[in-house]
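Quick notes on the structure that follows.
The values are calculated or read from the model by the stated rules, or taken from the named source; none is laboratory data. Owing to the predicted nature of the structure, the values given are computational and were not obtained by experimental measurement. So basically every Cβ, Gly included, is an ideal-geometry build from the backbone, and we count neighbours across all protein chains shown.
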Amino acid sequence: MFTEIIINVNAIEKRVAILEDHRLVELFVEKDERKNIVGNIYKGIVKNVLPGMGAAFIDIGEDRTSFLHYSDIATDYLEDFDEDNLPIINKGGDSSKIGDYIKEGQEIIVRVLKNPIGKKGARVSGHLSIPGKFIVFVPNNHRIAISRKINNIEEKHRIKSILNSVKDPNIGLIVRTDAVGNTNEEFVQEYNGLYKTWRLIEKQIKFAKAPCCIFDDNDLANTLTRDLFSSKVDRLIVDNKAFKNKLISLLQLVSPELSERVELYQEDSPIFDAYGIEKEIAKIFHSRIPLPSGGYLIIEQTEALVAIDVNTGSFIGNKNYEETIKKTNIEAAVEISRQIRLRDLSGIVVVDFIDMNSENNKDEVINTLRSNLRRDRAKNKIYPFSQLGLVEISRKKTKTSVVNTFSSKCPYCNGSGRILSRESTIMHLFRWLQRSQYFIGNEYLKIYLHPEIIKYINENSNIVKKIPSKAELLPDELIHQDSFRVVLKDGNIDVTSKFEKAYN
């Protein structure tokens with residue numbers, strides 16, 4: 001499989017597209033106003049200490065103060081901490097004693113665990129860590145923990161032996177699953193890179209003026225070198241020279257051999273247009289997704305879950321009915337895997353495949369779904385066909401979905417995806433005229449409507465008869481199809497009416 005990463009950089013946003021065999025499978029967008037801060041390290045100031053809640057509020061320089069629970073306090077960087085008089089904090093401790101450890105106005109080092117949500121500030125912890133591609137650097141610790149997904153005992157001993165020989169005694173490390181098979185040099189190189197980063201953070205801890213961010217874990221270049229750009233990627237193309245140079249400098253610390261795969265795009269046409277990505281992004285907002293043989297998917301997202309319906313469409317097959325259904329469902333399984341990654345569908349995804357009688361065919365569809373979702377970086381689990389013929393997929397939310405990143409709730413349909421029908425809009429107008437006759441009387445009216453509504457009225461004589469004789473219907477393309485505007489001849493009344501405004 002040929003894998004590419006295409007990066008578009010401009011002043012407003014940075015976009016990263018991952019292509020597999022020239023098909024868009026993942027899209028990442030970094031916008032300043034929606035920046036993720038999970039993993040960032042801040043030098044903050046304690047604003048309030050609440051013993052009754054066993055928590056404190058910390059000013060980290062964001063719009064809202066962050067929340068620090070007693071159990072998340074680390075004593076490594078607390079001012080005036082006397083370990084002879086105060087015990088090390090543990091989860092079972094008395095949270096009401098939080099005032100013994102931190103005071104209002106005190107500077108504190110914290111790492112963000114959860115982003116701000118609504119009116120709530122970020123959740124933070126005093127326990128610091130710096131994630132790398134293969135290992136997580138944990139200062140003021142000494143243990144080496146290895147991912148549970150690494151089952152080979154010999155490989156665990158090999159990795160521990162390498163890391164013990166290179167790491168500082170006061171540094172702890174967490175080994176990621178991707179570290180399997182790494183050479184001694186790769187571990188040493190990444191550890192040295194993370195250690196240099198930690199030395200820079202230590203300087204910021206000492207000299208930076210609070211409140212401020214002293215380590216941005218979500219910088220796009222860091223994310224690329226750590227999580228996305230690996231030996232499995234054939235090339236990375238970026239349209240910004242400064243960003244390319246920054247990326248290469250980071251790669252020199254962790255994976256210098258990948259630097260040769262970084263290319264600068266210098267053509268006149270926009271990079272996402274040249275690779276056909278813009279057209280694919282536009283399709284993300286479509287609920288109907290075509291399949292190669294003529295079938296299609298319908299994807300509907302709600303607050304609680306995502307529903308996907310599979311249909312044969314125009315595909316009639318060449319053999320028997322069961323084979324036709326099987327082929328459509330297998331194509332759907334491949335495309336559903338791609339759409340889940342591309343749209344970042346998370347939570348519970350319910351798929352209504354076309355009913356099949358053969359258990360072997362059902363197993364083949366499930367295996368296709370599982371094999372294609374193995375490339376998904378987000379944790380997911382696929383459940384077998386239920387008694388109702390539905391397949392459920394649970395997937396961990398890793399970031400804001402692409403649809404939410406690129407769009408906002410429609411102010412006209414209130415997010416329902418539907419507006420008032422032509423007949424209902426006309427009846428709404430008639431009811432408004434009936435109510436308003438007491439203060440309008442027989443005044444001459446100008447009624448502005450969308451051209452499609454006027455066309456519908458003129459094509460139905462029974463509706464035309466109900467229009468007041470002193471009313472003139474005028475087309476206005478700027479008025480939405482579910483709205484109308486009424487103006488009196490003298491201009492004393494000018495009303496724009498919309499269904500929800502009248503009844504809410």
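Among what's in the range 165-197 and is within 16 Å of PRO139 (Cβ to Cβ) and among the polar types (S, T, N, Q), pick the residue that is surrounded by the fewest Cβ atoms within 10 Å (Cβ to Cβ).
My answer is ASN170.
Going residue by residue through the range 320-343, is there one that turns out to be among the acidic types (Asp, Glu), buried (at least 16 other Cβ atoms within 10 Å of the Cβ) and at positive phi?
Taking every residue of the range 320-343 in turn, none turns out to be among the acidic types (Asp, Glu), buried (at least 16 other Cβ atoms within 10 Å of the Cβ) and at positive phi.
When you scan the range 129-143, do you find a residue that is surrounded by fewer than 18 Cβ atoms within 10 Å (Cβ to Cβ), without any contact (Cβ under 8 Å) to a residue 12 or more places away in the chain and not assigned by TED's automatic domain parsing to the domain that holds HIS69, even just one?
Within the range 129-143, none of the residues are surrounded by fewer than 18 Cβ atoms within 10 Å (Cβ to Cβ), without any contact (Cβ under 8 Å) to a residue 12 or more places away in the chain and not assigned by TED's automatic domain parsing to the domain that holds HIS69.
Mind checking which residues of the range 240-277 are under 20 Å from LYS14 (Cβ atoms), part of a loop (DSSP other than H, G, I, E, B) and touching a helix residue (DSSP H, G or I) at 6+ places or on another chain (Cβ under 8 Å)?
Scanning the range 240-277 gives TYR265, GLU267, PRO270.
Considering only residues that are surrounded by fewer than 19 Cβ atoms within 10 Å (Cβ to Cβ) and closer than 23 Å to GLN301 by Cα, which ones fall in the range 347-367?
Of everything in the range 347-367, those that are surrounded by fewer than 19 Cβ atoms within 10 Å (Cβ to Cβ) and closer than 23 Å to GLN301 by Cα turn out to be GLY347, ILE348, VAL350, ASP352, ILE354, ASP355, ILE366.
When you look at LEU342, is it part of a helix (DSSP H, G or I) and within 27 Å of ARG15 (Cα to Cα), yes or no?
When the stated conditions are applied, LEU342 passes them.
May I ask you to say which residue of ALA17, ALA11 is free of Cβ contacts under 8 Å to residues at least 24 places away in the same chain and either farther than 30 Å from ASN141 by Cα or among the basic types (Lys, Arg) (or both)?
Exactly one residue qualifies, and that residue is ALA11.
Looking at the range 58-77 only, could you name the residues that are buried (at least 21 other Cβ atoms within 10 Å of the Cβ) and among the hydrophobic types (A, V, I, L, M, F, W, C)?
Hits for the range 58-77 are ILE58, ILE60, LEU68, ILE73.
Filter the range 4-43 down to the residues that are assigned to a loop (DSSP other than H, G, I, E, B) and either under 30 Å from SER125 (Cβ atoms) or of a type outside the set (D, E, K, R) (or both) and list them by number.
Residues satisfying the conditions are ASN10, ALA11, ILE12, HIS22, LYS35, ASN36, ILE37, VAL38, GLY39, ASN40.
Among the numbered criteria (1) farther than 19 Å from ARG370 by Cα; (2) surrounded by fewer than 21 Cβ atoms within 10 Å (Cβ to Cβ); (3) touching a residue at least 12 places away in the same chain (Cβ under 8 Å), which single criterion is violated by GLY295?
With (1) farther than 19 Å from ARG370 by Cα; (2) surrounded by fewer than 21 Cβ atoms within 10 Å (Cβ to Cβ); (3) touching a residue at least 12 places away in the same chain (Cβ under 8 Å) applied to GLY295, the lone miss is (2).
Somewhere in the range 13-31, is a residue of a type in the set (Phe, Trp, Tyr), assigned by TED's automatic domain parsing to the domain that holds PHE243 and touching a strand residue (DSSP E or B) at 6+ places or on another chain (Cβ under 6 Å)?
Looking for residues that are of a type in the set (Phe, Trp, Tyr), assigned by TED's automatic domain parsing to the domain that holds PHE243 and touching a strand residue (DSSP E or B) at 6+ places or on another chain (Cβ under 6 Å), one finds at least one in the range 13-31, hence yes.
Please indicate, with yes or no, whether at least one residue in the range 156-175 is touching a residue at least 40 places away in the same chain (Cβ under 8 Å), within 15 Å of PRO131 (Cβ to Cβ) and under 31 Å from the mean Cα position of the chain (by Cα).
Yes, there is a match, as at least one residue in the range 156-175 is touching a residue at least 40 places away in the same chain (Cβ under 8 Å), within 15 Å of PRO131 (Cβ to Cβ) and under 31 Å from the mean Cα position of the chain (by Cα).
Confirm whether ASP476 is within 30 Å of GLU300 (Cα to Cα) and touching a helix residue (DSSP H, G or I) at 6+ places or on another chain (Cβ under 9 Å).
Spelling it out, it is not the case that ASP476 is within 30 Å of GLU300 (Cα to Cα) and touching a helix residue (DSSP H, G or I) at 6+ places or on another chain (Cβ under 9 Å).
Would you confirm whether any residue within the range 384-405 is of a type in the set (S, T, N, Q), modelled with pLDDT under 85 and out of contact with any strand residue (DSSP E or B) (no Cβ under 9 Å at 6 or more places or on another chain)?
Within the range 384-405 (the criterion being of a type in the set (S, T, N, Q), modelled with pLDDT under 85 and out of contact with any strand residue (DSSP E or B) (no Cβ under 9 Å at 6 or more places or on another chain)), the answer is yes, since at least one residue qualifies.
Can you tell me how many residues within the range 433-478 are within 26 Å of ASN414 (Cβ to Cβ) and touching a strand residue (DSSP E or B) at 6+ places or on another chain (Cβ under 6 Å)?
Number satisfying all stated conditions: 6.
Every residue in the range 302-319 that is outside any loop (DSSP other than H, G, I, E, B), of a type outside the set (Gly, Ala, Ser) and surrounded by fewer than 18 Cβ atoms within 10 Å (Cβ to Cβ), please.
LEU305, ASP309, ASN311
Here is a yes/no grid of residues against (1) under 15 Å from GLY389 (Cα atoms); (2) outside any helix (DSSP H, G or I):
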residue	(1), (2)
LYS279	no, no
SER293	no, yes
LEU297	no, yes
GLU300	no, yes
ASN329	yes, no
SER337	no, no
MET356	yes, yes
LYS362	yes, no
